[in-house]
Structure formats: structure tokens, C-alpha cells
1. Looking at (1) at pLDDT 90 or above; (2) in contact with a Leu (Cβ under 8 Å, 6 or more places away or on another chain); (3) not in a helix (DSSP H, G or I), which is the only condition D222 fails?
2. Does the stretch 86-139 hold any residues that are out of contact with any Gly (no Cβ under 7 Å at 6 or more places or on another chain), modelled with pLDDT of 90 or more and more than 22 Å from D211 (Cα to Cα), and which are they?
3. Has the stretch 57-66 got at least one residue that is outside the structural domain of V93 (by TED's automatic domain parsing) and within 30 Å of A97 (Cβ to Cβ)?
4. Could you list, ordered by first residue, the pairs with Cβ atoms under 6 Å in which the first is in the stretch 209-227 and over 11 Å from F156 (Cβ atoms) and the second is part of a helix (DSSP H, G or I), at least 6 apart or interchain?
5. Quick one: which of V62, V53, V47, V42 is in contact (Cβ under 8 Å) with a residue 40 or more places away in the chain, over 30 Å from D222 (Cβ atoms) and of a type in the set (V, I, T)?
6. All but one of (1) under 18 Å from the mean Cα position of the chain (by Cα); (2) surrounded by 15 or more Cβ atoms within 10 Å (Cβ to Cβ); (3) at pLDDT below 90; (4) among the hydrophobic types (A, V, I, L, M, F, W, C) hold for V203, so report the exception by its number.
7. Do you know which of the residues in the stretch 178-208 that are in a helix (DSSP H, G or I) and of a type in the set (V, I, T) is farthest from F156 (Cα to Cα)?
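The values are calculated or read from the model by the stated rules, or taken from the named source; none is laboratory data. Predicted model only: the values in this text are computed from it and were never measured. Here the Cβ positions follow ideal geometry from the backbone for every residue, glycine too, while neighbour counts run over all protein chains shown.
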Amino acid sequence: MSPAIRPETRRGRPPAGQSTLSRQAILEAAMAVVDDQGVEAVSMRTVARVLGVDPKSLYNHVENKDALLDGLAELVLSRMVIPDASGDLRKDVTAMARAFRSAALAEHPRAARLVLTRPVESLITLNPLEVALAAFLRAGASPEVAVHCLRTVLAFITGTLLREAEAAFTLALGDPGRATERQQALEEVELPSVRAAASHLAVCDHEQEFDFGLGLLIDAFDSRLAPPVTALTSEGDGN
């Protein structure tokens, strides 16, 4: 049990208005705040307002706001179906990234960045981090470099998910009419590169963008982690 979360069992009758209050109910209410207003809007007061209770009553189940945010990060990670390791860096990183994206997009994409911003020692499950780090270590990364690689992937995933969740309305996804209007507007600007790319800027296939960016990252990892090629010397050639 996380030290930030207090036990649910208490002696005596619970105070009025708290009979159905629980850590799970509080986390669900907090996630509703995230879905509607973003992570920045989460506070003990806003969550209590969703539940219709006094903010002070939340402290019987969650120690503070930090514990609340840690719990939300745990919820995102708990939905991950962790893939089996294949031993191939490209396959393993791709599988982990897609598993994270799938878990986050299932219901609460705006909460995805909590996994990146919360300290890992506060998370109940470290299994996803273990599997991801192991993939980089097997590829030859030092522990320090493996952490850098992991955080780079998390930052990329988080950024793409936030764009999808927060700014989808500007990208005309699934709306041909709006895409056409946006393309026409872009083609009218006095910027030749923008005009040339107008048809592509006007729409966005989030899954395609995700796969493209992830592929670039893995190419970079392969290049950085690959052992250096030793040039043959004249003596080695027998000359």
C-alpha cells in the first residue's frame, strides 16, 4: 500500500455524507475533472465539488493532492497490457508504446502526462518501467542512457496524446468539410512552404503520426546504441 494513502477501515460510524466515499470514488471523480478541464484543474476542492462533499472529508481517504495525482497515474498504468519481451529493441519499444497509448486513449487521454510528471517511486506498479528499461539495457544502453531513452519515449507519447486530446478540433480529423476549409485558408497565405504542404497540414491521422514519430525515435536509439564499426587496418587486411 502506498504510504500516501490511508487505510479505508476506521472505527465507529463514518461522518454524515461519507458513507459511500472511498479512495476509488475519489479517484474516479478526480479523473472526471481531468477529462473535463485537464490535469491543472484537479484539486481537493474541485474533486469534492464533483462528489458533493466537504473537501475535508477527502482527507480520510487521500492524504493530499500529490497522493491524488499519484493515484491517477496509477490508474493509467494499471490499464496497460504489458507485452512479452521479444529481445528486439524495435519490436519491444513499439509494443510498449502502443500498449501505453491504447491504455491512455481508452478513456482518459488528458491524464497521460501524469505518468511522465509523477515521481516513479510513488507508483504502485513499476512493471511497465521495468520492461521498457530492460529493452534498452539489452540493446547495450547503460542504466543512465536507458532512463534517458525511456523518458524520451514517454515525452513523445505524452505530447502526441495531449495534442490528440486537447487540440483535435483544430486538425479537422474526420470532418472533410472543415479540412477543405482549412486547406483553402492555408493555400491563400503568402508562405510558399505552407502552401505546398497545405493539404497535409489541414488534416491529421493521429495513429499515423504516432507510428511515424515513434519510428524516428527508434531509428535514433538504434543508431546511438549500436556498437561502433571498427575499420579494417592495412595490417588486418594482410597488406
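1. Only one criterion in (1) at pLDDT 90 or above; (2) in contact with a Leu (Cβ under 8 Å, 6 or more places away or on another chain); (3) not in a helix (DSSP H, G or I) is unmet by D222, namely (3).
2. Across the stretch 86-139, the qualifying residue is only L137.
3. First, pick out the residues of the stretch 57-66 that are outside the structural domain of V93 (by TED's automatic domain parsing): 57-66.
Still in the running and within 30 Å of A97 (Cβ to Cβ): 65-66.
Yes, because at least one residue in the stretch 57-66 is outside the structural domain of V93 (by TED's automatic domain parsing) and within 30 Å of A97 (Cβ to Cβ).
4. Filtered contacts from the stretch 209-227: F221/C149.
5. On the way: V53 fails: in contact (Cβ under 8 Å) with a residue 40 or more places away in the chain; V47 fails: in contact (Cβ under 8 Å) with a residue 40 or more places away in the chain; V42 fails: in contact (Cβ under 8 Å) with a residue 40 or more places away in the chain.
When all the criteria are applied, what remains is V62.
6. Of everything listed in (1) under 18 Å from the mean Cα position of the chain (by Cα); (2) surrounded by 15 or more Cβ atoms within 10 Å (Cβ to Cβ); (3) at pLDDT below 90; (4) among the hydrophobic types (A, V, I, L, M, F, W, C), V203 misses just condition (1).
7. So the first thing to find is which residues in the stretch 178-208 are in a helix (DSSP H, G or I), and the list is 178-187, 192-196, 198-201, 206-208.
After this cut, where a residue has to be of a type in the set (V, I, T) as well, the list is 180, 194.
On the way: T180: 29, V194: 24 Å.
If we take residues in the stretch 178-208 being in a helix (DSSP H, G or I) and of a type in the set (V, I, T), then T180 is farthest from F156 (Cα to Cα).
Rundown of residues vs (1) of a type in the set (A, V, I, L, M); (2) touching a residue at least 60 places away in the same chain (Cβ under 8 Å), yes/no style:
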{"site": "D70", "(1), (2)": "no, yes"}
{"site": "V76", "(1), (2)": "yes, no"}
{"site": "A97", "(1), (2)": "yes, yes"}
{"site": "A134", "(1), (2)": "yes, no"}
{"site": "R138", "(1), (2)": "no, no"}
{"site": "C149", "(1), (2)": "no, yes"}
